[in-house]
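Each reported figure results from applying straightforward, stated rules to the coordinates on display, with no laboratory input. Remember, predicted model here, so these are calculated numbers, not experimental data. Cβ placement follows ideal geometry from the backbone for every residue including glycine, while neighbour counts extend to all protein chains displayed.
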Amino acid sequence: MNDLVLATRNPKKVEELKALLADVPVNVLSLRDFPEIPETPETGATFAENAELKARAAARSTGRIALADDSGLEADALGGQPGVLSNRFAGPHASDRDKYMRVLELLKGVADEKRTARFRAAVAVASPEGKVTVVEGACEGRIAHEPKGEHGFGYDPIFYLPELGKTMAELPPEQKNRISHRAKALHAAKDVLLRILGPER
């Protein structure tokens, strides 16, 4: 069975990606299995560029097929922020709570109809030979007025899904993994992976 390296050390992201890839015949590893490999700076101007940078670096460093995602929150009332800076929006060492509380603070007093937002994800699959394919997914919603829910990570507690009447963090993982931006991008990435793995998988 082929190895697939997830280009992340975030344990919650690894868990989520593994669940989404459960039906792909690969042995899933992550950068936690390669402590000697340094983090790849996210210097891209878009989610797609950052995902590609991370996937290329992981494939080159490990000699294995690699998958990387870059994702974030785009709040329309903030001109699309935090966007590609989602992970660093409240400073380099901020906790998830620090990040989403910063967004809530900036949107204080903003009416519901102007709190539209989306989660966007780009997933890159790279081969050790340097071939990269990038796919994307998005999930529309609104910024809640206060955090709710214990599931997920990142901005999930403040991302409200009007059609479900819940935040992303209030959804059980199996439900989130059907509708999330990352799930949509991963669904497309599976086709890419299966093509790379070929008939011998």
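Whole-Hz Karplus values for the range 76-86 come out as 4, 5, 9, x, x, 6, x, x, 5, 8, 3 Hz, taken residue by residue from phi with 6.51 cos²θ - 1.76 cosθ + 1.60 and θ = phi - 60°; glycine and proline positions read x. Sorted on the mean count of surrounding Cβ atoms within 10 Å across their residues, most packed first, peptides 129-135, 66-72 read 66-72, 129-135. Descending by average beta-carbon neighbour count within 10 Å, the peptides 145-154, 78-87 line up as 78-87, 145-154, the highest first.
For the range 42-50, putting each phi into the Karplus relation 6.51 cos²θ - 1.76 cosθ + 1.60 with θ = phi - 60° gives couplings of 8, 9, x, 8, 9, 4, 4, 5, 5 Hz, in residue order, rounded to whole numbers and with x for Gly and Pro. Put a plus charge on the Cβ of each Lys and Arg, a minus charge on the Cβ of each Asp and Glu, and nothing anywhere else: the dipole of the range 2-197 about its Cα centre is then about 80 debye. For the range 13-30, backbone phi angles converted through the Karplus equation (6.51, -1.76, 1.60; θ = phi - 60°) give residue-by-residue couplings of 5, 4, 4, 5, 5, 4, 5, 5, 9, 4, 9, 9, x, 9, 8, 7, 10, 9 Hz, Gly and Pro being listed as x.
Compute the Cα gyration tensor for the range 2-197, then decide on rounded, prolate or oblate, letting a ≥ b ≥ c be the square roots of its eigenvalues: rounded whenever a/c is under 1.5, prolate when a/b is larger than b/c in the other cases, and oblate in all that remain. In terms of gyration-tensor shape, prolate. Beta bridges per DSSP, both residues in the chain: antiparallel share near 75 percent.
Restricting attention to the chain, the count of lysine pairs at 8 or more positions apart or across chains with alpha carbons under 19 Å apart stands at 26.
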